[in-house]
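In what follows, a single structure is set out as structure tokens and then discussed.
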Amino acid sequence: MKKDMIGEGRSQMSNAKFDEFISISRKLNDINIVPLLIGSVGLEIVTETSWDAQDVDILVPGDKRGWEVPPELSIYNWDKVINIMESMGYNLINLHEHEFSKEGLSVAFGIIDTLPDFAGIQLDELELHQIEEITYYLLTPEQYLSIYESSSKDSYRANKNNNKDSRKIEFLKSMVYTD
């Protein structure tokens, strides 16, 4: 499914982290990568609610085995992704997490191909969006709920996030089950 975001929800355009995602997406599209915006920034766009996003999380094609593969091999075209991020002024700060930083903003990449096994989200069910010729994916509220419920079972994430995920899960349940 493809949605044109031009003229839709103008408040989305004022989100600086979303704007940065769009800038990165433009360059990823140039090398035939359609990224998925995930995490709190994506959740803010989808729910039109502030989640105090601290960073930008992006999923791109890669090896569905995820952590089982060496980090420099797990994301397809990783060398091109590094070149794009460096051309935009980012520095790679954590290879294992595929994390870059620029002026206090962190951007981390993950593997879109892990979604079916991790959260039961089929890639052909992702919604394709477009802003001015730039294409990217966003999750639906139902898909976000699946992601956060799966993530909440991960003890590392549960301890790291101080139960922020549980607040998101409750919000998403009320959004999904009342429609």
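The values are calculated or read from the model by the stated rules, or taken from the named source; none is laboratory data. What you see is a predicted model; the values in this text were computed from it and never measured. Cβ atoms come from the backbone with ideal geometry, glycine included; neighbour counts cover every protein chain shown. The accessibility values were calculated without ligands, DNA or RNA, using every heavy atom of the protein model including side chains. Shrake-Rupley method; radii C 1.70, N 1.55, O 1.52, S 1.80 Å.
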Exercise for review: Collect the residues in the stretch 14-47 that are basic (Lys, Arg) and assigned to a loop (DSSP other than H, G, I, E, B), keeping them in residue-number order.
Suggested key: none
Practice item. For residues that are of a type in the set (Gly, Ala, Ser) and not in a strand (DSSP E or B), tally how many sit in the stretch 107-148. Key: 3
Revision key, fill the gap. Exception for Met175 within (1) in a helix (DSSP H, G or I); (2) under 25 Å from Asn32 (Cα atoms); (3) touching a residue at least 60 places away in the same chain (Cβ under 8 Å); (4) open to solvent by 40 Å² or more (accessible area, probe 1.4 Å) falls at (2)
Review point. Only one of (1) in contact with a Gly (Cβ under 8 Å, 6 or more places away or on another chain); (2) surrounded by fewer than 18 Cβ atoms within 10 Å (Cβ to Cβ); (3) not acidic (Asp, Glu) is not met by Leu138, so which one is it?
Key: (2)
Review point. So which residues in the stretch 53-103 are within 26 Å of Asp117 (Cβ to Cβ), among the aromatic types (Phe, Trp, Tyr) and at pLDDT 95 or above?
Key: Tyr76, Trp78, Phe100
Check your understanding: If you scan the stretch 51-76, which residues turn out to be open to solvent by less than 90 Å² (accessible area, probe 1.4 Å), outside any helix (DSSP H, G or I) and under 22 Å from Leu105 (Cβ atoms)?
Key -> Trp51, Ala53, Asp55, Val56, Asp57, Ile58, Leu59, Val60, Ile75
Revision key, fill the gap. Residue pairs within 8 Å by beta carbon, gap of at least six or interchain, first lying in the stretch 119-130 and farther than 20 Å from Lys153 by Cα and at pLDDT 95 or above, second open to solvent by less than 60 Å² (accessible area, probe 1.4 Å) and assigned to a loop (DSSP other than H, G, I, E, B), listed first then second, are Leu126/Leu139; Glu127/Leu139; Glu127/Thr140; Leu128/Val34; His129/Met5; Gln130/Met5
Study note, to complete from the structure: Filtering the stretch 47-96 down to residues that are touching a residue at least 60 places away in the same chain (Cβ under 8 Å), within 29 Å of Met175 (Cα to Cα) and out of contact with any helix residue (DSSP H, G or I) (no Cβ under 6 Å at 6 or more places or on another chain) yields Thr47, Thr49
